[in-house]
Amino acid sequence: MGEIKKSWEEINQRLASGKAVVLTAEETAELAKTESPEEVAKKVDVVTTGTFGAMCSSGMFINFGHPEPPIRMEHITLDGVPVFGGVAAVDAYIGASETHPDDGRFGGAHIIEKLIRGEEVYLEAHAKGTDCYPRKDIATYIHKDRVNEMILTNPRNAYQNYPAATNSTHRTLYTYMGTLLPSFMNVNYSTSGCLSPLLNDPYLRTIGIGSPVFLGGAIGSVAWNGTQFNTEKPVNDRGIPLSNARTLMLVGNAKEMSADWIRAGYYEKYGVTMYVGVGFAIPVLDEDMAYRVMIRNEDIETSLCDYGVEGHPTLARVNYRDLMSGSIEFRGKRIRTAPLSSYRRARLLAEQLKQLVLQGKFPLTAPVRPLPEHSRVQGLSIIRDRRA
Amino acid sequence: MAGKYVLGYSAETVSEPILWKLTKDFDIRVNILRAEISPGQEGNLLVELDAESEAKLNAALDWLDTIGVTWVNVAKRLSWDEERCIDCGGCSGVCFSGAITLDRQTWKLVLDRDKCIACGGCVKACPMGCFTLDFGE
């Protein structure tokens, strides 16, 4: 390997001159049946990826603008949903998974979706009143055209792989991995297989701080690594982590986003979550990148975990060709499998991103800085007495 | 000629051996799929009624009307808001009657109402709240 080299500039020139070949990751995986990495590196310039799944660790900063007389808002609610107001006077953070105190099925994600859709949302806030911010109460309706900024700021998106879930117990479990029926009656998984963004660039050679990202229908940026960023998970022989590994913190202008790609959801007896459409355009810089983007569903493996047991122990290793077929074999019997993220939407997203790249509407730029090469996740210790 | 129905019993009619009469007098093959009967109050039975002809089935349904047992075809009880649906497929994993499946080519959700047994699994499994089911009333 290592004969073919294309720089970001060369790929951008090929795009500008209309000579570039852009394929979706699914189309590239199909090519992998007959072509070598060398051939793919020669033929293909850019590969687009996509996913549309539940990403609880999401939210939106909003700046309401100052009323007259002004207020230093505290105890803020939007349509009754508490939002975080501990950021200056009229800024707030709407956590996607925050819920309405009287309706656990309605929460921050719904507020974000409503604002993106251009619906009116009821704002209520109270304050103690200060010399510079004398107002103590406010109640008004807000709309995306009447607020200053709506910046989607998601601390942990686009998880690189995620375990598949099943349930060994004798009762139905309602989890963030969906409804898990008793006695291993079903398996749920959530990654979009060969289309999944971080599985097409497992070591993040082309994705880093500043990378453009298709986020909720707009072009956002990678702000930083996501929380719980983990580079130390065991990998298979294709370099694919066998369970949840790297994550991204993504930001973007929510005023430009669409409810096609940002949708509120609710998991029974779990809570509110937000479906986020995320995609990257990955340049095929060399044979190594070609090898990465050629990944096929059978090459992507994940851990099957038992959500009925504390710590969710791993029961087996499964691949996405089998998961996506509708059933897998486990302990001598067939168990049905179901996805939680929409493969149809992931496919649409990758296709839409491909068109944007071809039209020169989606920038292809190298990261400004790389994401951490080594990072691991720690649990939370229970410490009774403050350490000296 | 088979169909799935939700039979609504009132406190007065619940003492009658309705299923036995359906079988004996109307020649209907009855398969009970689900029962919710609260003593002294009302009950709901989800049954599959199988008859040799439409006429026989209609005769049985007419008789149910006369004794005050309400019946509703289950196929009409499940509503799916296709506009809201994102085709994630989360519901397909809990639908053991095979009414909801994912087309593995298009990855679009496919609903076959005739197979629905009104178990309500999809109602809880759908993160978008696309399914509603009114069992009884």
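Read the figures in this text as sums done on the coordinates, not as results from a lab. What you see is a predicted model; the values in this text were computed from it and never measured. When we count neighbours, we look across all protein chains shown, and the Cβ atoms used for this are built from the backbone with ideal geometry, even at glycine.
For the range B:48-88, a residue qualifies if it is away from chain A (no Cβ under 14 Å) and of a type in the set (D, E, K, R), and the qualifying residues are B:Glu48, B:Asp50, B:Glu52, B:Glu54, B:Lys56, B:Asp62, B:Asp65, B:Lys76, B:Arg77. I'd like the full set of residues that are within 20 Å of A:Arg321 (Cα to Cα) and of a type outside the set (D, E, K, R), limited to the range A:333-368. Across the range A:333-368, the qualifying residues are A:Ile335, A:Thr337, A:Ala338, A:Pro339, A:Leu340, A:Ser341, A:Ser342, A:Tyr343, A:Ala346, A:Leu348, A:Ala350.
What strands (runs of 3 or more DSSP E) completely inside the range A:50-122 contain at least 2 residues that are over 30 Å from A:Arg347 (Cα atoms) and away from chain B (no Cβ under 14 Å)? Don't jump to the end; show me each part of the working.
Numbers: elements: A:51-54, A:59-63, A:74-78, A:81-87, A:91-95, A:103-107.
Strands (runs of 3 or more DSSP E) meeting the threshold: A:59-63, A:74-78, A:81-87, A:91-95.
Considering the range B:94-108, and only residues there that are buried (at least 18 other Cβ atoms within 10 Å of the Cβ) and in contact with a Gly (Cβ under 7 Å, 6 or more places away or on another chain), the residue that is nearest to the other protein chains (Cβ to nearest Cβ) turns out to be B:Val94. Against the criterion of being loosely packed, with under 14 Cβ neighbours inside 10 Å and among the small types (Gly, Ala, Ser), B:Gly43 does not qualify. Would you confirm, using the coordinates I've provided, whether A:Thr337 is β-branched (Val, Ile, Thr) and within 13 Å of another protein chain (Cβ to nearest Cβ)? It is true that A:Thr337 is β-branched (Val, Ile, Thr) and within 13 Å of another protein chain (Cβ to nearest Cβ).
Residue-by-condition table, conditions (1) within 14 Å of chain B (Cβ to nearest Cβ); (2) touching a residue at least 24 places away in the same chain (Cβ under 8 Å); (3) within 30 Å of A:Glu3 (Cα to Cα):
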position	(1), (2), (3)
A:Thr247	no, yes, no
A:Gly252	no, yes, no
A:Glu256	no, yes, no
A:Ala281	no, yes, yes
A:Ala316	no, no, no
